[in-house]
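Only one structure is covered here, and it is reproduced in the block below.
We did not get these values from a lab; they are worked out from the coordinates using the rules stated. Source: prediction; values computed, not measured. Because the Cβ atoms are built from the backbone with ideal geometry, glycine has one as well, and the counts that use them run over all protein chains shown.
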Amino acid sequence: MPKVFLSPSLQEYNPFVGGGNEEYYMNLLADAMEPYLRASGIEVERNTPSQTLSQAIAQSNSSGADLHFALHSNAAGESNAGSVRGAEFYYYPTSSNGERFANILKENYNEVYPVTDRISAIPTTSLAEVRRTSSPAVLAEVAYHDNAQDAQFIRDNLDAIARNLSRSIAQYFNVPFVEPNP
């Protein structure tokens, strides 16, 4: 049975436009993903909001996970705050499986994200969750939480995003995607 380590953001200090924060919404997203993954025969382990990033990475590395998937939302930075939209999927440049998963995510996310020309798969060596994990890893920035439209997109589409990301994980593992029983 394939195993994924879900790592929703630990960043409660990143506020969403209109209320809430990154940690809160990314945990809701992980909660929504779990039934899809389990129905598809994928084992799930995940971090907890009380952990540090180092603890979450250590847990992932000791979990025996076949894939590490970090769930985040983005912010444009002070000079562009609120004006940027998009989704990014970051992977370590020498990880062919990380790159393959990032490209699956990029391709499939077009089905749910409204600004399809702003979806990217990006190599990086600067993000700990793709650099320090022992399994192939992708860090997703599902949309910009400092942009009102993107923040509302996340709020309004948690289940659709969860279904889409879970289907991408099933595709990565080459297992059938199964809808959970209601």
*Among the candidates THR133, THR94, THR124, which residue alone is in contact with a Ser or Thr (Cβ under 7 Å, 6 or more places away or on another chain) and of a type in the set (Ser, Thr, Tyr)?*
THR133
*Inter-residue pairs, beta-carbon under 6 Å, first surrounded by fewer than 19 Cβ atoms within 10 Å (Cβ to Cβ) and in region 92-115, second assigned to a loop (DSSP other than H, G, I, E, B), 6+ apart*: ASN97/PRO136; VAL115/ARG85
*May I ask you to list the residues in region 123-156 that are within 16 Å of ALA30 (Cβ to Cβ) and either of a type in the set (A, V, I, L, M, F, W, C) or part of a helix (DSSP H, G or I) (or both)?*
GLU129, ALA137, VAL138, LEU139, ALA140, VAL142, ALA143, ILE154, ARG155
*Would region 77-84 turn up any residue that is within 18 Å of the chain's Cα centre (by Cα) and in contact (Cβ under 8 Å) with a residue 24 or more places away in the chain?*
no
*Would you please name the residue that is nearest to GLN171 (Cα to Cα), looking only at residues in region 55-69 that are among the small types (Gly, Ala, Ser) and in contact (Cβ under 8 Å) with a residue 40 or more places away in the chain?*
ALA65
_Among the listed residues ALA162, ALA140, identify the single one that is out of contact with any Lys or Arg (no Cβ under 9 Å at 6 or more places or on another chain) and under 24 Å from SER79 (Cα atoms)._
ALA140
*Look at ALA65 and say whether it is within 14 Å of the chain's Cα centre (by Cα), closer than 26 Å to PRO180 by Cα, surrounded by 15 or more Cβ atoms within 10 Å (Cβ to Cβ) and not acidic (Asp, Glu).*
no
